[in-house]
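Following: one structure in structure tokens, then a few remarks.
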Amino acid sequence: MVEFERERILPYTPAQIWEVLADFENHRVWNPYVRLKAFQGDPMTLRYELRMDPQKPKFVEVAATLLAAYPERLLTIDVRPSFLLKFEDSYALSPVAGGTKLHHSISCRGLLVGLRLPGVRKSFETMLNATDAILTTHLERKYRELPPRGSTPSKSRPARRGGRR
């Protein structure tokens, strides 16, 4: 097994981050590699479409199961593109001073990982880095503080009064 991991502290609550992670229908907004749709069941099955290169338009539907979904703590999806490659994509959240620690990991297993092909390692490292960066940007946009309604105009540009001068 080969594991790829990233940790970062984000200035959001676990609830705010969970809201984005658990919204499967909108994963495509921040994850260029995956499209998800959940189907009720035990265990919950997912329609999981994957592409390893976001520059190519084609997604391939692969088998996937939701292994863990503990609100505001852990989301783990088991993905099985083929008998040669399987992986778990996991997001663990824990509150820390000033926000939430996000631990994102991808644990790969299967023959392709055992062969230690450099292309497989590079693909997963690229996917992990890109997904985390885009997720962070998406969270920044989603939770950007907006000025309160009825706020006064900026001092650098006074408000005009009356008509043209």
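Every read-out reported here was derived from the displayed coordinates using simple, explicitly stated rules and does not represent laboratory data. Everything numeric in this text was worked out from a predicted model, so none of it was measured. Cβ: placed from backbone, ideal geometry, glycine included. Neighbour counts: every protein chain shown.
At what distance in nm do the modelled label points of Leu111 and Thr65 sit from each other, each positioned 7 Å from its Cα along Cα→Cβ?
In this crude spin-label approximation the distance works out to 2.2 nm.
At what distance in nm do the modelled label points of Lys56 and Arg80 sit from each other, each positioned 7 Å from its Cα along Cα→Cβ?
In this crude label model, Lys56 to Arg80 measures out at 2.3 nm.
Given a Förster distance of 22 Å, report the FRET efficiency between Ala38 and Ala97 from their Cβ-Cβ distance, rounded to the nearest 0.05. Intermediate results must be reported in sequence, preceding the final value.
Details: r = 33 Å, r/R0 = 1.51.
So, using R0 = 22 Å, E works out to roughly 0.10.
For Arg73 and His138 in one chain, what is 0.36 nm times their gap in residues minus the Cα-Cα distance, to one decimal in nm?
Details: separation 65, 0.36 × 65 = 23.40 nm, distance 1.93 nm.
Once the chain is fully extended between Arg73 and His138, it gains 21.5 nm.
Report, in whole Å, the centroid distance computed from the Cα atoms of the stretch 5-72 and the stretch 125-142.
12 Å
For the stretch 1-133, compute Rg over Rh where Rg is the Cα radius of gyration and Rh is the Kirkwood radius from the inverse mean 1/r over Cα pairs.
Numbers: Rg = 14.6 Å, Rh = 15.3 Å.
Taking Rh as the inverse mean 1/r over Cα pairs, Rg/Rh reads 0.95.
Between the DSSP loop rule and a limit of at most 12 other Cβ atoms within 10 Å, which chymotrypsin sites (Phe, Trp or Tyr not before Pro) in the stretch 70-115 are left? Write down the numbers at each step before the final one.
On the way: sites: Phe83, Phe87, Tyr91; in loops: Phe83.
Here the chymotrypsin sites (Phe, Trp or Tyr not before Pro) that fit, given the DSSP loop and packing criteria, are Phe83.
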